[in-house]
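Scroll down for the structure; my scribbles are underneath it.
The values are calculated or read from the model by the stated rules, or taken from the named source; none is laboratory data. As the structure is a prediction and not an experimental result, all values here were calculated from the model. FYI the Cβ positions are ideal-geometry reconstructions off the backbone, even for glycines, and counts take in every protein chain you see.
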Amino acid sequence: MPASQSSPDHLAGQTQPVFKPRIFSGIQPSGGLTLGNYLGALKRFVEKQDEGIETVYCLVDLHAITVWQDPAKLRQQTREAAAGFIAAGIDPARSILFNQSQVSAHAELGWIFNCVARMGWMSRMTQFKDKAGKNSENVSLGLFAYPSLMAADILVYQATMVPVGEDQKQHLELARDIAMKFNNDFGVNFFPIVEPIIEGAATRVMSLRDGTMKMSKSDPSDQSRINLTDDADTISKKIRKAKTDAEPLPDTVEALRDRPEARNLVNIYAALAGHTPAQVIADYAGAQFGTFKPALADLAVAKLSPITSEMSRLMKDPGEIDRILGEGADRADAIARPILDQVHDITGMIRSRGR
Ligand code: AMP
Ligand code: TRP
C-alpha cells in the first residue's frame, strides 16, 4: 500500500511504510543568492536532480517575511532567485520549482504543526536566538514558529531527503521530532523521518571578512560575500581583498584547523573545483596568498560568470519566470493537497466539500 493512502485504521500494528524517495529543499528570497547558498545548497540541488530522484525546490517567501521585506523588493528577489536556480542548472521540466505562497498547503500544515511542536523545542533553536538577539519580545511570532513551517514545507510532500547547508541541521532535527510526535500522537506512520543531506567541501562557507562568521545575504558588508549577481571584476576584487593570515598554505588539511580564513578559501576552492580540500592542499602547499588568491579568483569567475550572465538574461523576461513558478506551483499542489487532505482526516477535521 503506498504511504499516501495510509490512515490510522489501515496502519494499526504495521511497521514504517516505505516512502517514495523525494527531495525537498528551500531558499529564502530575502536577498540575492550568495556563494554560500550556491556551494552549500544550490549546487547540491542540481546534482540531486541529475541523479534522477524526484526533486521539489521552493523559494520560501513566507519564511522571508518573518523579518520585514519591502514588497517590491521581495517580488524582485524571488524572481532573481528563480533565475539563479535555473541558471545554475535546475531544469523546471525535471524539478518542480515554485514559490511557497502559491501552494497554500504549506501554511495550512504549518498551522497544524504549530499545534504539535512545543514552545520549549522552538526556544532552543540557535537560529532564532541569533536572529532575535536581545530583542526577543519585539520579533515577529512568525520568526519563532519558523521551523514549524519549515517542517511543513518538507512533510507536506512526504519528502524523505533534504539537501541543506550545515546551519540547517538543527531545524531538520526539529522536523524529525515533529514528524515523530505527529505519528505518535495520532497512532499513524504517516510522515517519514527525513534525512538531511549535508555534503561537499563547503557546507558552511564563511564570511570573506571574518572566518568565524557565516557568509550571509544579511551581512551589512557586501565585501563579506560573493553574490551570484556580482560581475567578474567584483568577484575577483572581493577574493583578492579577503581577510587572511600571513602564513603560506600548509601541507596538511589538519594544519588549517586554527586558521579559519585560510581554511575557508581552501574549502571554497575545493568546492568550486569539485576536489577535496586535501587535493587543493596537495597542489598549493607552501603557496603564499599572493599566488593562491588570484588562482581562486580565476576559478570563481570561471565557474560563476556563466551563471551570472544566464541569470541576467533570464531576468529580462520576468513574465516567463512567473509562468515557470506558476506551473511548478500547480505540480507541487497536486502532490501536497491529497497529503494535506489525509492529515485533515487523521486529525479529525470534517471535509465535506467534495472536491
Ligand atoms: P538561506 O539563504 O538562509 O535561505 O539558506 C538557503 C540554503 O543555503 C540553506 O540550505 C543553507 O544551509 C544554505 N546556506 C546559506 N548560507 C550558507 C553558507 N554560508 N554556507 C553554506 N550553506 C549556506
Ligand atoms: N530555513 C532554510 C534556510 O534559511 C530555508 C527553508 C525553509 C528550507 N523551508 C525549508 C530548507 C525546507 C530546507 C527545507 O536556509
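Observations
- Which listed residue is within 31 Å of the chain's Cα centre (by Cα) and under 13 Å from Met206 (Cβ atoms), from Ala255, Ala262, Ala278: Ala262
- Scanning the range 153-164 for residues being more than 6 Å from ligand 2 (Cβ to nearest atom) and either more than 23 Å from Lys214 (Cβ to Cβ) or surrounded by fewer than 24 Cβ atoms within 10 Å (Cβ to Cβ) (or both) gives a total of 7.
- Of the strands (runs of 3 or more DSSP E) lying entirely inside the range 19-125, those containing at least 2 residues that are closer than 30 Å to Tyr269 by Cβ are 22-27, 54-59.
- Residues of the range 21-40 that turn out to be among the hydrophobic types (A, V, I, L, M, F, W, C), within 9 Å of the chain's Cα centre (by Cα) and either on the phi > 0 side of the Ramachandran plot or more than 8 Å from ligand 2 (Cβ to nearest atom) (or both), as a count: 0
- Enumeration of residues in the range 217-242 that are crowded, with 17+ Cβ neighbours inside 10 Å, within 15 Å of ligand 1 (Cβ to nearest atom) and in contact (Cβ under 8 Å) with a residue 40 or more places away in the chain: Lys217, Arg225, Ile226, Asn227, Leu228, Thr229, Ala242
- Restricting the range 140-159 to residues that are in contact (Cβ under 8 Å) with a residue 40 or more places away in the chain and farther than 15 Å from Leu109 by Cα, the residue that is nearest to ligand 1 (Cβ to nearest atom): Leu143
Yes/no per residue for (1) within 14 Å of ligand 1 (Cβ to nearest atom); (2) outside the structural domain of Val156 (by TED's automatic domain parsing); (3) under 15 Å from Arg204 (Cβ atoms):
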site	(1), (2), (3)
Ile23	yes, no, no
Gly31	yes, no, no
Tyr38	yes, no, yes
Arg44	yes, no, yes
Lys48	yes, no, no
Ile53	no, no, no
Tyr57	yes, no, no
Val60	yes, no, no
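- Qualifying positions in the range 115-131 - surrounded by 14 or more Cβ atoms within 10 Å (Cβ to Cβ) and within 15 Å of ligand 2 (Cβ to nearest atom): Ala117, Met122, Met125, Gln127, Phe128, Lys131
- Conditions (1) buried (at least 18 other Cβ atoms within 10 Å of the Cβ); (2) assigned to a loop (DSSP other than H, G, I, E, B); (3) without any contact (Cβ under 8 Å) to a residue 40 or more places away in the chain; number of the one not met by Asp245: (1)
- Residue count for the range 45-73, restricted to those that are under 17 Å from the mean Cα position of the chain (by Cα), buried (at least 17 other Cβ atoms within 10 Å of the Cβ) and away from ligand 2 (no atom under 11 Å from the Cβ): 6
- Tally, over the range 160-174, of residues that are within 18 Å of Val56 (Cβ to Cβ), touching a strand residue (DSSP E or B) at 6+ places or on another chain (Cβ under 8 Å) and within 14 Å of ligand 1 (Cβ to nearest atom): 6
- Members of the range 88-104 found to be more than 16 Å from the chain's Cα centre (by Cα) and surrounded by fewer than 22 Cβ atoms within 10 Å (Cβ to Cβ), listed by number: Asp91, Pro92, Ala93, Arg94, Ser101, Gln102, Ser104
- The number of residues in the range 120-136 being within 10 Å of Leu174 (Cβ to Cβ) and among the aliphatic types (A, V, I, L, M) comes to 2.
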